[in-house]
1. Which is surrounded by fewer than 18 Cβ atoms within 10 Å (Cβ to Cβ), closer than 24 Å to VAL15 by Cα and either at pLDDT 85 or above or assigned by TED's automatic domain parsing to the domain that holds PRO14 (or both), of ALA138, ALA116?
2. Could you grab me the full set of residues in segment 338-365 that are in a loop (DSSP other than H, G, I, E, B) and either modelled with pLDDT under 90 or touching a Pro at 6+ places or on another chain (Cβ under 7 Å) (or both)?
3. Mind listing whichever residues of segment 320-337 are in a loop (DSSP other than H, G, I, E, B) and touching a residue at least 60 places away in the same chain (Cβ under 8 Å)?
4. Do you know which residues across segment 130-170 are assigned to a loop (DSSP other than H, G, I, E, B), more than 27 Å from the chain's Cα centre (by Cα) and in contact (Cβ under 8 Å) with a residue 24 or more places away in the chain?
5. Name every residue in segment 17-28 that is at positive phi and either surrounded by 15 or more Cβ atoms within 10 Å (Cβ to Cβ) or within 44 Å of the chain's Cα centre (by Cα) (or both), in order of residue number.
6. Considering only residues of segment 29-47 that are within 11 Å of VAL71 (Cα to Cα) and within 29 Å of the chain's Cα centre (by Cα), which is surrounded by the most Cβ atoms within 10 Å (Cβ to Cβ)?
7. Assuming GLY246 fulfils every condition listed in (1) surrounded by 19 or more Cβ atoms within 10 Å (Cβ to Cβ); (2) small (Gly, Ala, Ser); (3) more than 22 Å from the chain's Cα centre (by Cα) apart from one, which condition is it?
Amino acid sequence: MADPDGDGVLLSGPVRQPGLRSVGGEGLSLRALLSGPGAPLPDAYGLVALLERTDPAGAGRRPSLFAPTEVVEGRFDLRLRDGDRVTLFLREEVMRPASAPTEPDVPDPLPPDIRAMLSERAVALRGGVMMPGEYPVAGPLPLSLLLRTGGGLKPEADAERLELLPPPIPPRGRDDGDTLGAMPRTLTGGATASTLIPPGAAIRVGLKQRPQERRGILLAGEVAEPGTYDLAPGETLSMLLDRAGGLTEDAYPAGIIFTRESARLAEEEGLRRTARELDRQLGQMLGGKNPPDPARVELARQLAADLRNTNALGRITVEANPAVLGDRPELDMPLQPGDRIHIPRRPLTVTVSGEVLAPASLLFDPDKKPEDYLREAGGLTRFADDDRIFIIHPNGAAEPLESGWLTHQVPTLTPGSMIVVPRDAEPFEWLPLTQSITTILSQIAFSAAAIAAISN
């Protein structure tokens, strides 16, 4: 193979045939290099590529940038010299998320000096473009080329309403890196403007209307027409039930299971955050002068693992009885894309879950009290916290078994209720989180019970 530092131009990257090209007697242009066998492949990044040329003073290679698409489309060209190196990049290499290089298991495909050069020369595309993001550029480029690289405009985009935020302006006489903020301006001509967009600028495409979310709502169970429904603007639960033909004769609206993704994520993040805090405090204690007993440490680690592995449901308590919603429209839940709704049949059981010897679903009897169901489930285990037993009602609302400071009023059990016995916090009282540990244990028990209820 010929020496890449000798005669010819070395072409590398996502092109049809990379390799060494002879300059020849008539010379070789950049446009000729990137045509025919050297044409860029479809996955090549078109807004920036690298040209390295030997410095005449012998100070190594001097890098410069160019836009391959500008070359291929005939808007830019230059004469190449023997010893030049031309490197194109994959789009996925250049558009790698900014956080990715910090991931230890995912090495950056680009050298650090090239990554630094590209990160300083990006144009931001925002708003109504198909692929918003930060796009490194070789220099000022036409707006039309940038929008095309960003996938074009979204259907709801307003092509007449584009805002340009110029790059920051360095103040005169200062070299401390401070910059002056530039004022945004509306581009005359919108998406068809012939403006050249410089590195460091930002383009925001306005929207004609708020984008429609196409995620459907899953409605299952005892409705006339279960299935997935597209959400209409401003739709509420009662409206959706009407669209589905109403409830069947066997429906039990008091037991509606209504889950929402945002609620599930918030619940799980709370559990994971507590697990991280527990790990942190445990590490501090193990590094202290009087580390805790190994058996207690193992219990704490198991608790942290339970917090990390507990699946939240994201259940929201709602009213689903059409008669009640007709009289009290303020209780009618507004719907969001991705909501999941299940209307069960009227159940015949009460479930006992948690720290009992034989968790079970037991036949409902209006004459039975909670302690009767606990007895039928084998009674409490030695790990049970009998002071914090609670009831999950059919609609998902939770209530302590004994509510009322003086009256000790016992909640009314209805078909579909669940009695949950959480774990005793006593083995964990040495932890700094003691004040909230009982709540944590109840959350774990509640999540497990809710998942079991929706699975039945």
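1. Testing whether each residue is surrounded by fewer than 18 Cβ atoms within 10 Å (Cβ to Cβ), closer than 24 Å to VAL15 by Cα and either at pLDDT 85 or above or assigned by TED's automatic domain parsing to the domain that holds PRO14 (or both) leaves just ALA116.
2. Within segment 338-365, GLY338, PRO344, ARG346, PRO347, LEU348, GLU355, PRO359, PHE364 qualify.
3. Answer for segment 320-337, where residues must be in a loop (DSSP other than H, G, I, E, B) and touching a residue at least 60 places away in the same chain (Cβ under 8 Å): ALA320, ASN321, ASP332, MET333, LEU335, GLN336, PRO337.
4. If the condition is that a residue be assigned to a loop (DSSP other than H, G, I, E, B), more than 27 Å from the chain's Cα centre (by Cα) and in contact (Cβ under 8 Å) with a residue 24 or more places away in the chain, then VAL137, ALA138, GLY139, PRO140, PRO166, PRO167, PRO168 are the ones that fit.
5. GLY19
6. LEU47
7. Here GLY246 meets the rest and fails (1).
The values are calculated or read from the model by the stated rules, or taken from the named source; none is laboratory data. All figures in this text were calculated on a predicted structure; none of them were measured in a lab. Heads up, the Cβs are rebuilt from the backbone with ideal geometry, glycines too, and the neighbour counts pull from every protein chain shown.
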